[in-house]
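Worksheet: the structure to be examined is printed underneath.
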Amino acid sequence: MYNLAMKNIFLPLLFCFALITGGYAGDAKNAVTKAAAAPAGAPLYKNPLLPPEKRARDLLSRMTLEEKFGQLQQLDGDADGPFRKEHLELARAGQLGSTLNVRFAKYVNPLQEEAVKNSRLGIPILFAFDVIHGFRTIFPMPLGEAAQWDPPMAEKAASVAAAEAYAAGLKWTFAPMMDIARDPRWGRIAEGAGEDTYLGSALAAARVRGFQGADYGAPGKVMACAKHWVGYGAAEGGRDYNSTDISEPSLLNTYYPPFKAAVDAGVATFMSAFNSLNGVPTSANGNTLTKVLRGDWKFSGFVVSDYTAVQELINHGLAADGSDAAVKALSAGVDMEMVSTLYRDKGPAALAAGKITRKTLDASVLRVLEAKFRAGVFEHPYIDPKLEETAFLTPESRELERAAALESLVLLKNDGGLLPLNPAAGKIAVIGALAGSKLDMMGSWSGDGRADDQVTLLEAVKETAAPGTAVTFSAGCPVKTGGTDEEMDAAVAAAAGADYIIAAAGESADMSGEAASRASISLPGRQLELLARLKKTGKPVVIVLFNGRPLDLSGLDADFPAILEAWYPGTEGARAVAQVLFGKGNPGGKLPVTFPRSVGQIPTYYNHRSPGRPADPANRYTSKYQDLTVEPLYPFGYGLSYSSFSLSGLSVSPAKIMPDGSVKARVTVENVSAIAGDEVVQLYIRDVAGSETRPVRELKGFKRVTLAPGEKRTLEFELRPAELGYYYAGGFAVEPGLFKVYAATSSAGGLEASFEVTAK
Ligand code: BGC
């Protein structure tokens, strides 16, 4: 890992808050002492010395029915921050629980003032926003962040994102997204941690910690939201918003665990999803929302629906009309309704008709109020406008972003050591529209990121290449569609005169993310044609990919010597790419998701179960395709480096344990090259035979280490019942039998050892 003194980023930021806000941003105790001096005889809920539960109950007892339903309403502002006129009226009436997208002091404070000063009870509004991978400093897209295999780095990025969001008056983000996704056609695969439950759980927890810190009521922190509960990533056909059918074992072992990790990390809120799950939409699913989440997991925060998901219960065919939708969502456990207004419009009559109980309503209102007390918005409803002058896009946040981007880069191919480029290269042709695009460096869901703040690959190459290098640029063709033969000819001519060609290829940022599913995962537009012509020049071509999903790269892999996966690397990310291209940085990221050879192989995920007839090229009657291997192009966990590493000496002890015991696996990793670099050592298990079949491999540990040339390190991994067991019809258990253990640098191959679990 790259040695940055990241601590230095946060302390000055918080110090700034404290100075500017004159104690407002000071420690919580300070705030409490001041507020405690409030006039005697004030209602209990105004006393910050009392616990949030008690304050919430007191406040609830004073509320009208309309005010209660109003607290369960979240409404949308305008995309660039303003509130709408209707919000002022609702705030004054005490009927606006929360907004999304309203941000910045100039919009937050006047609207908040209506709620706090001019409503009957003075309940403040919770201001929320999608801060998915940064607010103003844009970090690598979440799938790229997952490629770092470095949860502490993700935690730091979320912490910077929280500090920036807070400075814009926000106290709640709709992140992290923790949907396991195995289908690259689904555009939202970009927003999560990829296909693996173990990696996804580690990142879910890290991101929650980064956003919330130890106390989300503290200055510079925001409430996180675990989304989308649940199974949204399994959309049939990879088509966004589509239905899902997921077996109970898969829910328990694959889809739930990242959410459970978020609960264990103290996540404040959940978002119910758009999809129906086994016939019951997740925004009215009593089993997932109440039995599992609140019953089994004891989650005590509140649940917000996804955007108009309550209204959509009608389209799903679960609710007959708006009233039915409100009744079903609220009764199932969705506390707050995002954007549609059925709770507010239909709730009171449904209550009068006995379709919603007062107990259900009050429980939801209490959860929302308690979160508001915990978030500190009663004591600190406003944001100091001066914060905006200092908090965004600081030199330190840029530095962290560059380091984060560097860690996220995955070297897919480097034949003949083409990379890093010879610094003495006289002429470099940078080709491809993406190389000149600022907007596309951010990826989808880019918070309040501004295109102008981003560095392009072309700019970064010019900055980083040795002095005197001639760098030319030609787009060749647009990313998605169109383009002329003349533009293409010009690019090829420019390339033909260069010593090296750096070709930026991939998808534009809007091709992944929400509502951005694709039926093809090939390079769009005329890019393949352009690349083929570049190859014909005979000049060495390095491909840099910018994309939000695994792409079908089989043609590129066959034809080009060097491919670097850059995802959407964020504000400073192109500089990290240039560092790697010129050998000033060493790539060490690993794929958090399998890259198939073709869309026809989907789903391809490494932790599949074994069929009774595993693929065997020599036997027709095995599980395979007639026209393509079942092996993916690049497996999960794969990635190259300029260094070479070797693994040796895998040992597991003890050789036998009881089901409640644990084993230690040790393996030595050595940098056998002359270049310092990072390796991600991955530990997988296979539970060889069980009451239910288990995956052929499951990730159960990983460590990213930086090793100097020749350096050796022995790593230890502990496998406890939590790692060895699984959920099956009978509950959670570690079953007796043989376990294989693999230490590897990707999900394929590696060293193997085993141990046995014996019956009690
Ligand atoms: C998305 C959520 C997002 C919400 C608010 C929805 O369309 O599915 O992920 O948080 O909008 O912007």
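The values are calculated or read from the model by the stated rules, or taken from the named source; none is laboratory data. Nothing here was measured: the structure is a model prediction, and the numbers come from that model. Note that we place each Cβ from the backbone using ideal geometry, even for glycine, and neighbour counts take in every protein chain shown. We work out accessible area using only protein heavy atoms, side chains counted, and drop any ligands, DNA or RNA first. Shrake-Rupley method; radii C 1.70, N 1.55, O 1.52, S 1.80 Å.
List pairs: first residue in the stretch 292-317 and without any contact (Cβ under 8 Å) to a residue 12 or more places away in the chain, second residue more than 13 Å from the ligand (Cβ to nearest atom) and not hydroxyl-bearing (Ser, Thr, Tyr) anywhere in the structure, Cβ distance under 6 angstrom, at least six positions apart or on different chains.
From the stretch 292-317, the pairs are 314/325.
Rundown of residues vs (1) open to solvent by less than 60 Å² (accessible area, probe 1.4 Å); (2) in the same structural domain as residue 659 (by TED's automatic domain parsing); (3) of a type in the set (Asp, Glu), yes/no style:
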{"site": "705", "(1), (2), (3)": "yes, yes, no"}
{"site": "710", "(1), (2), (3)": "yes, yes, no"}
{"site": "722", "(1), (2), (3)": "no, yes, no"}
{"site": "727", "(1), (2), (3)": "no, yes, no"}
{"site": "730", "(1), (2), (3)": "no, yes, no"}
{"site": "735", "(1), (2), (3)": "yes, yes, yes"}
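Just give me the residues in the stretch 50-78 being within 16 Å of the ligand (Cβ to nearest atom) and either crowded, with 21+ Cβ neighbours inside 10 Å or part of a loop (DSSP other than H, G, I, E, B) (or both), in sequence order. Lay out the reasoning, then the answer.
At the first step, the residues of the stretch 50-78 found to be within 16 Å of the ligand (Cβ to nearest atom) are 73-78.
73, 74, 75, 77, 78, listed by residue number.
With within 16 Å of the ligand (Cβ to nearest atom) and either crowded, with 21+ Cβ neighbours inside 10 Å or among the aliphatic types (A, V, I, L, M) (or both) as the only criterion, which of 261, 273, 320, 326 stands out?
Working: 261 fails: within 16 Å of the ligand (Cβ to nearest atom); 320 fails: within 16 Å of the ligand (Cβ to nearest atom); 326 fails: within 16 Å of the ligand (Cβ to nearest atom).
Only one candidate passes the filter, namely 273.
Quickly run through the stretch 462-499 and pick out the residues that are open to solvent by 50 Å² or more (accessible area, probe 1.4 Å), within 22 Å of residue 576 (Cβ to Cβ) and not charged (D, E, K, R).
Within the stretch 462-499, 467, 473 meet the criteria.
One residue is enough: does the stretch 289-308 have a residue meeting the conditions over 25 Å from residue 341 (Cα atoms), in contact with a strand residue (DSSP E or B) (Cβ under 7 Å, 6 or more places away or on another chain), within 16 Å of the ligand (Cβ to nearest atom) and part of a loop (DSSP other than H, G, I, E, B)?
No, that holds for no residue.
Residue by residue through the stretch 112-147, note down the ones that are among the β-branched types (Val, Ile, Thr) and either more than 30 Å from residue 89 (Cβ to Cβ) or more than 15 Å from the ligand (Cβ to nearest atom) (or both). Spell out how you get there, then give the answer.
Applying the first criterion (among the β-branched types (Val, Ile, Thr)) to the stretch 112-147 yields 116, 123, 125, 131-132, 137-138.
Residues satisfying the conditions are 116, 123, 125, 132, 137, 138.
Can you tell me which residue within the stretch 85-94, out of those that are open to solvent by less than 40 Å² (accessible area, probe 1.4 Å) and not hydrophobic (A, V, I, L, M, F, W, C), is farthest from the chain's Cα centre (by Cα)? Show your work before the answer.
Taking the stretch 85-94 and keeping what is open to solvent by less than 40 Å² (accessible area, probe 1.4 Å), we get 87, 90-91, 94.
Remaining after also requiring not hydrophobic (A, V, I, L, M, F, W, C): 87, 94.
Working: 87: 30, 94: 34 Å.
Selected residue: 94.
Could you identify the single residue in 31, 18 that is out of contact with any helix residue (DSSP H, G or I) (no Cβ under 7 Å at 6 or more places or on another chain), under 27 Å from residue 92 (Cα atoms), modelled with pLDDT under 50 and of a type in the set (Gly, Ala, Ser)?
On the way: 18 fails: under 27 Å from residue 92 (Cα atoms).
When all the criteria are applied, what remains is 31.
Does residue 81 count as in the same structural domain as residue 126 (by TED's automatic domain parsing) and part of a loop (DSSP other than H, G, I, E, B)? Walk me through it before giving the result.
Numbers: in the same structural domain as residue 126 (by TED's automatic domain parsing): yes; part of a loop (DSSP other than H, G, I, E, B): yes.
In short, yes.
Take residue 150 and decide whether it is in contact (Cβ under 8 Å) with a residue 24 or more places away in the chain, acidic (Asp, Glu) and within 16 Å of the ligand (Cβ to nearest atom). Before you say what the answer is, go through the steps one by one.
On the way: in contact (Cβ under 8 Å) with a residue 24 or more places away in the chain: yes; acidic (Asp, Glu): yes; within 16 Å of the ligand (Cβ to nearest atom): no.
Here the answer is no, as residue 150 does not meet what is asked.
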